[in-house]
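The structure appears right after this line, and notes come after that.
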């Protein structure tokens, strides 16, 4: 089954309006890539309908004693919940100047996809 979703603007991650009035839909690998980005942007507890969804940035990274293994596990669990994801091939994490960066190579039903994200305090 192919993923279909509302297209979001790549700069602000807001819903994209094609002609200023109508929403655009995307499907397949583009929809999967957008879903992966949105899953990594969501912080744990941010979704009021599912407070267990999201990456635990504040409980694992942005604490007095960061736990990188727990952060990695939180990201992996969240990304694997996306439809059409088969596995995560690699996940590189870097933290510099209170900014958390990650780069992931993900195997999907559409083939390999790359997703990157940065999050700051």
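The values are calculated or read from the model by the stated rules, or taken from the named source; none is laboratory data. On a predicted model such as this, the values are computed, not experimentally measured, just so you know. No Cβ is skipped: glycine too gets one built from the backbone with ideal geometry, and neighbour counts run over all protein chains shown.
Before moving on, here are some points about what is shown:
- Those residues of region 59-78 which are touching a strand residue (DSSP E or B) at 6+ places or on another chain (Cβ under 9 Å), more than 23 Å from residue 2 (Cβ to Cβ) and outside any loop (DSSP other than H, G, I, E, B), in sequence order: 68, 71, 72, 74, 75, 76, 77
- Within region 79-97, the set of residues being modelled with pLDDT under 90, outside any loop (DSSP other than H, G, I, E, B) and within 29 Å of residue 110 (Cα to Cα) comprises 93, 94.
- Qualifying residues in region 83-121 (those that are under 19 Å from residue 45 (Cβ atoms) and touching a residue at least 24 places away in the same chain (Cβ under 8 Å)) - the one surrounded by the most Cβ atoms within 10 Å (Cβ to Cβ): 100
- Within region 70-81, residues that are on the phi < 0 side of the Ramachandran plot and surrounded by 19 or more Cβ atoms within 10 Å (Cβ to Cβ) reach partners that are assigned to a helix (DSSP H, G or I) and modelled with pLDDT of 90 or more with beta carbons closer than 7 Å, at six or more positions or on different chains, in the pairs 79/36.
- Complete set of residues in region 1-15 that are closer than 13 Å to residue 38 by Cβ, assigned to a loop (DSSP other than H, G, I, E, B) and either touching a residue at least 24 places away in the same chain (Cβ under 8 Å) or touching a strand residue (DSSP E or B) at 6+ places or on another chain (Cβ under 7 Å) (or both): 3, 7, 13, 14
- Single condition residue 26 does not satisfy, out of (1) part of a strand (DSSP E or B); (2) surrounded by fewer than 16 Cβ atoms within 10 Å (Cβ to Cβ): (2)
- Candidate set from region 32-58 (those that are free of Cβ contacts under 8 Å to residues at least 60 places away in the same chain, under 12 Å from the mean Cα position of the chain (by Cα) and assigned to a helix (DSSP H, G or I)); member that is nearest to residue 73 (Cα to Cα): 39
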